[in-house]
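One structure below.
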Amino acid sequence: MAGNSQRRNRRTSNKKGMQVGSGGQRRRGLEGKGPTPPASVRKGHKKNRVANAQARQAAVRRPAPRRGGAKGTSEMVVGRNPVYEALRDGVPATTLYVQQYIDNDERVREALQLAGQRGNINLMEAPRPELDRMTNGLNHQGLVLQVPPYEYAHPEDLTAAAYDNGEDPLIVALDGVTDPRNLGAIVRSVSAFGGHGVVVPERRAAGMTAGAWKSSAGTAARTPVSRVTNLTRALEGYQKAGITVVGLAADGEHTVQDLEALGGPVVIVIGSEGKGLGRLVGETCDYLVRIPMPGGAESLNAGVAAGIVLYETARRRA
């Protein structure tokens, strides 16, 4: 009897009894799950890993555009009048050297007063032999002003400044202009007519010396100058950026007042008073223009010529 009872229990236990319902899970499991997502968003797929890598690369901050250029060399302004005029005209300076036991005349007092008003110029007293050594024996008259190296801009800085202001670039490039006073006068004209800077070559050209700074009448503080190793390559770089290069030449086929290109992004190239533009620079220009001179003069001073062309350019843009 016991054995029969155990067999019945086993048979009963093997029978499927009442169970908790599936709640429709099986039915939903048989339903479709919609379209298969693209491989690029399916976790673990090769294309998903590639897409994630590309997203990470895109998120990496790109390097900033190149800014800043070469530095010039420091120089000394010597003599009572030159030192006074440099301080009066705002030429940057780091140190004013004053000879020990100097005769304290009016010009010396004025120079010391201007240096003191700046607040950032060191005043140093030095014996006469030391000043003689510093100036290589020049007649310093007991006053020597040390001018720091000029910090030149990079050529791309000039265009970047224009685009940052929502303006078409207006740049002047100089080819063979060797007089610092001409450079300073051109910097002044560029500033007056809304230009964005000046480009000069490293060799056989004037740099931003104390004389150039004085001629700029202080505008060099807000008008950048760029110094390049190869002017032709710099002009070609501007052309690739969509800027028209216009050279000033006595035999140019266009006149300044007729060239519509001056109304857009432009680099105006000005050569020396005697030789004009160099051959390679002239061939690089998109246009060569001339300034009509009814009076019959053969050429104009570089600073004067720059002022005329910049005025015409500013008139077209007004």
Query raised in the report: Assuming R0 = 30 Å, what is the FRET efficiency of Ala217 and Met293, from their Cβ-Cβ distance, to the nearest 0.05?
Result: 0.70
Query raised in the report: Given 10 Å bins starting at zero, what is the percent of C-alpha pairs of the stretch 67-166 in each, up to the one with the largest pair distance?
Result: 15, 41, 23, 14, 7, 1
Report task. Please list the non-local residues whose amide H lies under 5 Å from the amide H of Thr178, H modeled 1.01 Å from N, same-chain partners needing a gap of 5 or more. Result -> Ala206
Requested in this report: Pick out, in residue order, every one of the GluC sites (Glu not before Pro) in the stretch 234-307 that is DSSP loop and has at most 14 other C-beta atoms within 10 Å; say none if there are none.
Outcome: Glu253, Glu298
Query raised in the report: How much of Thr219 can a 1.4 Å solvent probe reach, expressed as accessible area in Å² and rounded to 10?
Result: 10 Å²
Query raised in the report: So, in nm, how far is label Tyr163 from label Asp132 when the simple model puts each one 7 Å beyond its Cα toward the Cβ?
Result: 5.7 nm
Query raised in the report: What's the extension gain from Thr95 to Ser74 if we count 0.36 nm per residue and subtract their Cα-Cα distance?
Result: 6.4 nm
Query raised in the report: Nearest 20 debye, what's the magnitude of the dipole of the stretch 80-145 about its Cα centre given +1 on Lys and Arg Cβ and -1 on Asp and Glu Cβ?
Result: 100 debye
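Using only Cα atoms, what is the ratio of the radius of gyration of the stretch 123-207 to 2.2 N^0.38 Å? Intermediate results must be reported in sequence, preceding the final value.
Working: Rg = 18.2 Å, N = 85, 2.2 N^0.38 = 11.9 Å.
Relative to the rule-of-thumb radius for its length, the stretch 123-207 sits at 1.53.
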Query - Zone residues, the stretch 75-92, relative to Glu110, backbone N less than 17 Å from point 7 Å out along Cα-to-Cβ - result: 78-91
Report task. Would you kindly calculate the translational diffusion coefficient of the stretch 214-272, applying Stokes-Einstein with the Kirkwood radius from alpha carbon pairs, for 37 °C and a viscosity of 0.692 mPa s, and quote it in µm² s⁻¹ without decimals? Result -> 242 µm²/s
Query raised in the report: When the Karplus curve 6.51 cos²θ - 1.76 cosθ + 1.60 is applied with θ = phi - 60°, which whole-Hz ³J(HN,Hα) does each residue of the stretch 102-119 get, with x for Gly and Pro?
Result: 6, 5, 7, 8, 4, 5, 5, 4, 5, 5, 5, 5, 5, 5, x, 5, 4, x
Report task. Rank these residues by their accessible area, most exposed first, probe 1.4 Å: Met208, Met134, Met76. Result -> Met76, Met134, Met208
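What is the extension gain from Gln239 to Arg118, computed as 0.36 nm multiplied by their sequence separation minus the C-alpha to C-alpha distance, in nm to one decimal?
39.4 nm is the gain from fully extending Gln239 to Arg118.
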Report summary line: For the Arg181, Asp103 Cβ pair and Förster radius 30 Å, calculated FRET efficiency rounded to 0.05 is 0.50
Report summary line: Note to self: Kirkwood Rh of the stretch 251-318, Cα pairs, one decimal, Å, is 12.6 Å
**Report entry** For the stretch 163-221, the spread of Cα positions along each principal axis, largest first, Å
**Finding:** 33, 23, 14
Query - In sequence order, calculated HN-Hα J values of the stretch 189-195 (Karplus, 6.51, -1.76, 1.60; Hz; x Gly/Pro) - result: 5, 4, 5, 5, 9, x, x
Report task. Once you have the Cα-Cα distance between Thr255 and Lys275, take 0.36 nm times their residue separation minus that, and quote the gain in nm to one decimal. Result -> 5.2 nm
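The values are calculated or read from the model by the stated rules, or taken from the named source; none is laboratory data. Everything numeric in this text was worked out from a predicted model, so none of it was measured. Virtual Cβ from ideal backbone geometry, glycine too; neighbours counted across all protein chains shown. Quick note on the areas: whole protein, heavy atoms, side chains included, nothing else; ligands and nucleic acids left out. Shrake-Rupley method; radii C 1.70, N 1.55, O 1.52, S 1.80 Å.
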